[in-house]
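Here is the structure we will look at.
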Amino acid sequence: MATADADDGPSRLRWYMFDMNNLLASLLWGAVGTGFFIYGKRCGVSPALIGGLAIIGVSYFVGSALFMSLISVGLIAGTVGFIRHGY
């Protein structure tokens, strides 16, 4: 006996895509990544440019707001560390 929830794969995916927490986290980390990217491009700082692209990619591909935030904070810390050490 099949239930009504057994065939809702695409609708469940749409629900996760439009979760408010995921949208806000994606907006926040995408904006931070864009800022890093613009800073790296204008000032010629390649770690900021690459870190910004990585943060933008994380905000696009990771579906969980918690994991997106954790990965983005780690990327920011790594990018700032590389910049401070002169890479």
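The values are calculated or read from the model by the stated rules, or taken from the named source; none is laboratory data. Since this is a predicted model, take the numbers as computed values, not measurements. Using ideal geometry, Cβ is built from the backbone for each residue, glycine included, and neighbour counts are taken over all protein chains shown.
So the values come out like this:
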item	result
Every residue from segment 30-72 that is in a helix (DSSP H, G or I), more than 21 Å from Asp19 (Cα to Cα) and among the aliphatic types (A, V, I, L, M)	Ile38, Ala48, Leu49, Ile50, Leu53, Ala54
Condition check for Gly44: modelled with pLDDT under 95 and within 27 Å of Gly81 (Cα to Cα)	yes
Pairs with Cβ under 9 Å, 6+ apart, first in segment 26-42 and farther than 12 Å from Ile76 by Cβ, second assigned to a helix (DSSP H, G or I) and among the aromatic types (Phe, Trp, Tyr)	Ser26/Tyr60; Gly30/Tyr60
Qualifying residue in segment 78-87 (condition: modelled with pLDDT of 95 or more and within 10 Å of the chain's Cα centre (by Cα))	no
